[in-house]
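Below is one structure; the comments refer to it alone.
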Amino acid sequence: MWIKRRRVLSLVCLMLLWGPLLVWSAGDTLRVREQEVRELYYTLKTSTARQEQRIEWLRTIRAFQLLWRDYPQTAAGKRALFTTGKLAFDLYRRFHKAEDLQNAIRAYRWFITLYPQSRLADDAQFQLGEIARQLGDVSQAQEAYKAVLQRYPDGDMRPKAAARLQELSLRQAWRGGDRETPSRRAGERLQQIQGIRHWSNQRYTRVVVDVDGPVQFRTNRLTQPDRLYLDLFPARLGYPTPQQALAIENSQLKGIRIAQNRPAVVRVVLDIRQIHSYQIFTLNDPFRVVIDVLGTDRDADTPGSRRTAQQARKRSPHVSLVQQLGLGVQKVVIDPGHGGKDPGAIGPTGLQEKDVVLDIGQKLRRLIERELGWEVVMTRDGDHFLALEERTAIANSHDADLFISLHANASPRRESRGIETYFLDLASSPEAMETAARENSTSVRHISDLQAILQDLLLNTKRNESSRLAGAVQTALVSALQKRYTRIENLGVKQAPFYVLLGAEMPSILIETSFISHPAEEKRLKKEAYRLAIARGILAGLKRYADQTRRLVSWQQQGMGAR
Ligand SMILES: [Zn+2]
């Protein structure tokens, strides 16, 4: 008994010693961080030279996003989210990139949802009206301004919203109710729409529109019949004309149509049966627009179905940990990187990343099936090319529980060696950014653009699970290799925005198994035994993750029983 008391006493002493210090240092870090972002903001706002650089804007926006992510419940964190929206809208007005506008809308919507009591909530609502007004979407703008009056009758934005409503009704009367539409500027080049692809299952559809260059887009959801349209401009249908109507029969969609809507506008229409939500983002090199549609699952929810618990957890964002973890891991998607025309990184003597990771993937598949009894789906089982968006689409449409992307690292610094595991987030370092740029086969500049669209993924619960999965695999893989090989360097778990992980619905990681650019590691990667050791190490990590998951579930169940 006294042992216990002594332990409590020493804990109290420790808290007395460290408590105030910890509180003080947390507050101090926040103050320092806020000071830093404020300086970034004023440097940008006072330098016209900097404002010409898109990257400067994105860097500043990112700093505010990170501050919000780290301190979401503080006044500074809330202000940071609001400023993110403001900066993204300013950025749109300068460069006219549709994604910036989407980011502004997301930031303001998050703000209204998360902080309805904040005195900036009505400002955020008003800004949504301003964005719609800028786009010429009169009815949406009116709706937003009306919401300011109705939801925040005592807010300081009330007079401004009322004035805008009056202005819009005058303008509408003058135009005879016509809505402003995107028009073609003289001499503007029309991008060609090359085709449309899709993947789907009972609760998920991904539609990809291939374009031969960057276009802007706007979306709207219409009722009677329920449909979502996406206008791409300036654009025209390519030749040969892509298929104009795609038959698609699932619980979310009735069909997909594409047509030249106006001279410079191509419209893609998704005829909706029943959907939960949708998300749109763009990828570069080649340019494409990706539409992810999530269903409500109802049609697939048959009694006794193996996936019922998992469907239940996906339906509601507010489920308990037990429900979230569902039945545990049953199905894994293994994604050997690159393939076909894309060799990936190439070693000093010519070893190709695509061949190495395919072999490791096939070995891992056999091990998982034999030793864990899980079902395995390979994104590719041969040497063929697969676009990045296709890989997650396969994982999502198979309802997989885990997604593992396999790669080999490369660096211009010949001495770089070791093993690292990534999960999707804003880049944790310039080196992580470089790795993401290489794996995305794009430039660091494009990655900065991608950072911005990650904003709404920051609150995704899969981030924590992915981070735990990355930790389990990294630890097990490194220790397995260290038992048999010398100089295995542990580069740790890192974060970066990888296209291949974007939109994955399950915990997902990307493993850089070794540096193919390092002569000694390339030599090892050529050997059957080393590849098998890597596969075994990953297997041990997956097993560790699944065991942890089971323990977490049983702790939670015990905790619930005790209450
Ligand atoms: Zn790779």
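The values are calculated or read from the model by the stated rules, or taken from the named source; none is laboratory data. Source: prediction; values computed, not measured. Counting neighbours? That spans all protein chains shown, and the Cβs are built from the backbone with ideal geometry, glycine included. All accessible areas refer to the heavy atoms of the entire protein, side chains included, with ligands and DNA or RNA removed. Shrake-Rupley method; radii C 1.70, N 1.55, O 1.52, S 1.80 Å.
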Distance from region 378-437 to region 195-230 (C-alpha centre basis), Å: 25
Residues with amide H under 5 Å from that of ARG227, placed H, sequence gap 5 or more: LEU222, ILE272
Under-5 Å amide H pairs with ASN261, H placed in peptide plane, nonlocal only: VAL266, ARG267
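Whole number please: convex hull volume per residue, Cα atoms of region 191-295, in Å³. Before the final figure, lay out the partial values.
Details: hull volume 9.0 nm³, N = 105.
Convex hull volume per residue, Cα atoms: 86 Å³.
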Qualifying trypsin sites (Lys or Arg not before Pro) in region 511-543, DSSP loop, other Cβ atoms within 10 Å at most 11: LYS527
Residues with amide H under 5 Å from that of PHE515, placed H, sequence gap 5 or more: ASN409, GLY418
Rounded to whole Hz, the Karplus (6.51, -1.76, 1.60) HN-Hα couplings of region 139-154, x for glycine and proline: 5, 5, 5, 4, 4, 5, 5, 4, 4, 4, 5, 6, 8, 10, x, 9
R0 of 51 Å, Cβ-Cβ distance GLN274-ALA163: FRET efficiency to nearest 0.05: 0.85
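Place a +1 charge on the Cβ of each Lys and Arg in region 327-552 and a -1 charge on the Cβ of each Asp and Glu, then give the dipole magnitude about the Cα centre in debye, rounded to the nearest 20.
Details: 31 positive and 30 negative charges, 197 e Å.
The dipole magnitude comes to about 940 debye.
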Residue-wise HN-Hα coupling along region 195-201, computed from phi with Karplus coefficients 6.51, -1.76, 1.60 (Hz; x: Gly, Pro): x, 9, 10, 8, 10, 7, 9
Neighbour net charge for GLN362 - beta-carbon separation under 10 angstrom, K R +1, D E -1: +2
Simple spin-label estimate for ARG50 and ARG366 in nanometres, 7 Å along Cα-Cβ: 5.7
Under 24 Å from the Cα of LYS363 - lysines, other chains or at least 8 residues apart: LYS331, LYS341, LYS354, LYS483, LYS523, LYS526, LYS527, LYS543
Distance between modelled label sites at TYR42 and TYR229, nm, 7 Å Cα→Cβ extension: 4.8
Principal axis box of region 86-133, alpha-carbon based, largest edge first, Å: 33, 17, 15
For region 327-552: Kirkwood Rh in Å [reciprocal of mean 1/r, alpha carbons]: 17.2
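Multiply the residue separation of GLU528 and ALA387 by 0.36 nm, subtract the distance between their alpha-carbon atoms, and state the gained length in nm to one decimal.
On the way: separation 141, 0.36 × 141 = 50.76 nm, distance 2.77 nm.
Full-extension gain reported as 48.0 nm.
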Per-residue HN-Hα couplings for region 494-499 [Karplus 6.51, -1.76, 1.60; θ = phi - 60°; Hz; x = Gly/Pro]: 10, 10, 6, x, 9, 3
Using a Förster distance of 51 Å, the FRET efficiency for GLN117-GLN548 (Cβ separation, nearest 0.05): 0.85
Distance between modelled label sites at PHE287 and GLU415, nm, 7 Å Cα→Cβ extension: 4.3
Solvent-accessible ranking of ASP381, ASP154, largest area first, probe 1.4 Å: ASP154, ASP381
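Restricting everything to alpha-carbon atoms, can you work out Rg to Rh for region 27-175 with a Kirkwood hydrodynamic radius? Please list the in-between numbers first.
Values: Rg = 16.2 Å, Rh = 16.1 Å.
Here Rg/Rh amounts to 1.01.
May I ask you to compute the full-extension gain from LYS146 to ARG59, defined as 0.36 nm times their residue separation minus their alpha-carbon distance, rounded to one decimal in nm? Could you put the intermediate results ahead of the total?
On the way: separation 87, 0.36 × 87 = 31.32 nm, distance 3.41 nm.
Result for the pair: 27.9 nm of gain on full extension.
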With DNA, RNA and ligands ignored, accessible area of ARG273 (1.4 Å probe; Å², nearest 10): 100
Solvent-accessible ranking of TYR152, TYR115, largest area first, probe 1.4 Å: TYR152, TYR115
Per residue accessible area in Å² of region 27-175, where ligands, DNA and RNA are left out and the probe is 1.4 Å: 51
Within straight-line cross-link reach of LYS494, aspartates and glutamates at Cα separation under 13 Å, skipping those fewer than 8 residues along the same chain: GLU420, ASP425, GLU431, GLU434, GLU512
